[in-house]
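Enquirer: Below you'll find the structure I mean.
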């Protein structure tokens, strides 16, 4: 690996059992090493499985992971990439009903709204309800709302300890 290295996490919130090896192959193709994920039952969608995978790679790996899984109709996932030298972090969300969404994150993990998103909301938010909706989309709220039940995976789910930044 050349260039600046960063890290992140792929959260597969729900996948049909038959998709699981394909997810691992897609991730391995991006990461460049064999990948084996610990799959557990997803109580929010009986019959599906969930897994998490911590990764390390060059800047942009998060986007490549999200792109490798994009378009898999019944897959729910999130990819995070931590900020690294000269580059903001990012989060990618995917749900079957909403498709994919990308949000920029700061060093604390907060989602950031870009100036062009604010201008779009102001130009197309003809009333307060419309403006609120445009800003909610910019903050990925519809994706958060849909994924939240899947994030709470239930008892026995693996615990992920966060790294201290700084």
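The values are calculated or read from the model by the stated rules, or taken from the named source; none is laboratory data. Bear in mind that the values here come from a model prediction, so they are computed numbers and not experimental data. Heads up, the Cβs are rebuilt from the backbone with ideal geometry, glycines too, and the neighbour counts pull from every protein chain shown.
Enquirer: Condition test on residue 35, is it farther than 22 Å from residue 105 by Cβ, modelled with pLDDT of 95 or more and in contact with a strand residue (DSSP E or B) (Cβ under 7 Å, 6 or more places away or on another chain)?
Expert: So residue 35 fits the description; yes.
Enquirer: Which residues, counting only those in region 116-151, are outside any helix (DSSP H, G or I) and closer than 16 Å to residue 91 by Cα?
Expert: Across region 116-151, the qualifying residues are 139, 140.
Enquirer: Moving to a separate point now. When you check residue 80 against the structure, is it over 21 Å from residue 143 (Cβ atoms) and within 15 Å of the chain's Cα centre (by Cα), yes or no?
Expert: Spelling it out, it is not the case that residue 80 is over 21 Å from residue 143 (Cβ atoms) and within 15 Å of the chain's Cα centre (by Cα).
Enquirer: With the requirement that a residue be without any contact (Cβ under 8 Å) to a residue 12 or more places away in the chain, over 18 Å from the mean Cα position of the chain (by Cα) and closer than 30 Å to residue 52 by Cβ, what does region 115-157 give you?
Expert: Matches in region 115-157: 155 only.
Enquirer: Then there's this: Checking residue 25 against (1) free of Cβ contacts under 8 Å to residues at least 60 places away in the same chain; (2) over 19 Å from residue 94 (Cβ atoms); (3) exposed (fewer than 15 other Cβ atoms within 10 Å of the Cβ), only one condition comes out false. Which one?
Expert: So the condition that residue 25 fails would be (2).
Enquirer: Right, something else. Which members of region 64-90 meet the condition of being farther than 13 Å from residue 26 by Cα and outside any loop (DSSP other than H, G, I, E, B)?
Expert: Once the filter is applied, which keeps residues that are farther than 13 Å from residue 26 by Cα and outside any loop (DSSP other than H, G, I, E, B), region 64-90 yields 76, 77, 78, 79, 80, 81, 84, 87, 89, 90.
Enquirer: Cβ contacts < 9 Å: first residue at positive phi, restricted to region 100-113; second residue part of a strand (DSSP E or B), any location; separation 6+ or different chain. Result?
Expert: 109/80; 109/89; 109/91
Enquirer: Does residue 75 meet the test of being touching a helix residue (DSSP H, G or I) at 6+ places or on another chain (Cβ under 7 Å), free of Cβ contacts under 8 Å to residues at least 60 places away in the same chain, surrounded by 17 or more Cβ atoms within 10 Å (Cβ to Cβ) and closer than 24 Å to residue 35 by Cα?
Expert: It is false that residue 75 is touching a helix residue (DSSP H, G or I) at 6+ places or on another chain (Cβ under 7 Å), free of Cβ contacts under 8 Å to residues at least 60 places away in the same chain, surrounded by 17 or more Cβ atoms within 10 Å (Cβ to Cβ) and closer than 24 Å to residue 35 by Cα.
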